[in-house]
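The values are calculated or read from the model by the stated rules, or taken from the named source; none is laboratory data. Not measured: the values here are computed from a predicted model. Positions of Cβ are generated from backbone atoms using ideal geometry, with glycine treated the same way; all protein chains shown enter the neighbour counts. Accessible surface areas use protein heavy atoms only, side chains included; no ligands, DNA or RNA. Shrake-Rupley method; radii C 1.70, N 1.55, O 1.52, S 1.80 Å.
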Amino acid sequence: MSGYDVIVCGGGPSGSTTAFYAAKAGLRVALVDRAKFPRDKACGGLLTPRVLSELPELAPYIEPIIECPSQDVQLYSPSMKYRIEFDFGSNTPWNIRREVFDNTLLEAAREAGAEIFTDTRVGDVQFNGGVTVSTTKGDLRAQMAIGAMGPNDKLAQMVRKTRGVRPWNDGEIGTALMWEPEVGREFMERAYGQKRSLLVHFRPAGIEGYGWVFPKDTILNIGFGGYNRTIKSINVREIWRGYLELLRKDGYFPNDDPNPPVKGAPLPLGGPLRATTMERTLIVGDSAGMVSPLSGEGIYYGMHAGKLAVETIQQALASGDFSQRALDSYHRAWYHAFGQELKDLSFFAKLALKFPERMVYYGTRDQQTCEIFADLFLGVTPGGLGKRRPIARTLRNIIRYPYFGWG
């Protein structure tokens, strides 16, 4: 048994970021993840500018692995009749490959001084004047534990039970399915140009969600996702064939006949949990529901939460107070940083995913609605836009541009 200040359970972006900042602060850190790294993750692999502006200490690690920026986005209505084109300007997002990105963050944490245990499963967690985490490589003991293992996180389940937070249902959990075929730089330049335009298709094949194409340097990141209540009822391979045919028809996919692998990951889309702490425990990232219910983007939120968590960990170690009440300073900190934004996005997701045809239609008629819709979807503006502007603008457009399925 080894003694640590904190054990981080989960080596994704939120967990590795927590371990990085904790080790950088001089704490004794262990990070445990069941996977062998490098490992891939079903994700669009798009970073917003906020990642580096809020986490500048990680910039030297992240900047060298950025594949390319995407300067604009094209958002299509379900019928393909309407399309929003939006230029990001100074808020241009960047493309990364999750396999490379996640491994880079893990190695950054190791370089900062964290002890890394990969290919190691977390078993039982006991609280006995500290925290003992049983793993497949032995027991680890620390003063605190951080849950960063995703929607099925064991520590998050313990927090839920302790704090009376009910489990997610199929209306709050989604699934993202992704594939990254190598198509070559020549095809990328011809089809997507220097701008590397992002493509988003709402409700492909009727899915309550969206399909995406995020072009990188020489690969296409193609995927679709939606709520489990509808994903469970579809023929995944049939949807893949239909979506690739749609892209091929418009010249966005080569004229070959691939058989894409089905690679998926769960996504919490019900908004952040109302409780993210208990005695000696904090949860970050997907474990805490820190994901945009509109787009499914959670990298920025999870990483920012990881940095904020370290401030609370340091306070607890200094005072010796590991109570839930003391640790709730972490919950207040992340909520102040982006909690209201996620609540606003939850509202707008219900509006946009229920009426995507109308929302894209209004965006083609009104520049401000176009900017609001694209910005909320990609999350490129710090702090979000709040829900009053989308509501007010939508009501204004309903009056000004009545929608009858034509226009």
Original post:
What percentage of the solvent-accessible surface of the chain, computed with a 1.4 Å probe over protein heavy atoms, is contributed by carbon and sulfur atoms?
Top reply: 48
**OP:** Leaving out ligands and nucleic acids, note down the accessible area per residue over the range 2-115 with a 1.4 angstrom probe, in whole Å².
**Re:** 36
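Using 0.36 nm per residue, how much length does the chain from F355 to Q367 gain when fully extended, once their Cα-Cα distance is taken away?
Extra length from F355 to Q367 when fully extended: 2.5 nm.
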Original post:
Taking a threshold of 23 Å on the Cα-Cα distance, which of the pairs K216/K263; K232/K343; K36/K137; K36/K161; K36/K154 fall above it?
Top reply: K232/K343; K36/K161
**OP:** Could you do me a favour and compute the accessible area per residue for the range 212-339, 1.4 Å probe, result in Å²?
**Re:** 38
Original post:
In the range 163-251, which trypsin sites (Lys or Arg not before Pro) are in a loop and have at most 12 other Cβ atoms within 10 Å, using DSSP for the loop call?
Top reply: K232
**OP:** For the range 297-336, build the convex hull from the C-alpha positions and give me its volume per residue in Å³.
**Re:** 57
**OP:** Give me the distance in nm between label points sitting 7 Å out from Cα along the Cα-to-Cβ direction at V165 and E245, one decimal.
**Re:** 4.3
**OP:** Give the long-range amide H neighbours of D119: residues separated by 5 or more places, or on another chain, with amide H under 5 Å away, using H modelled in the peptide plane at 1.01 Å from N.
**Re:** D33, A35, K36, F37
**OP:** Go through the range 133-139 residue by residue and turn each phi into a ³J(HN,Hα) via Karplus (6.51, -1.76, 1.60, θ = phi - 60°); whole Hz please, and just put x for glycine and proline.
**Re:** 10, 7, 10, 6, 10, x, 7
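Between D139 and R237, what is the FRET efficiency for a Förster distance of 51 Å, r being their Cβ-Cβ separation, to the nearest 0.05?
0.70
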**OP:** Considering only G298, G184, G285, give the residue with the highest GNM mean-square fluctuation for the chain, with springs between Cα atoms whenever their separation is below 10 Å.
**Re:** G184
**OP:** Between beta-carbons, use under 14 Å as the cut-off and find the net charge around T277, counting Lys and Arg +1, Asp and Glu -1.
**Re:** +2
Subject >> Cα→Cβ-extended label distance, 7 Å offset, between D256 and T218, nm >> reply: 1.3
**OP:** State the three equivalent ellipsoid semi-axes of the range 57-209, derived from the C-alpha gyration tensor as the square roots of 5 times its eigenvalues, in descending order and whole Å.
**Re:** 39, 24, 14
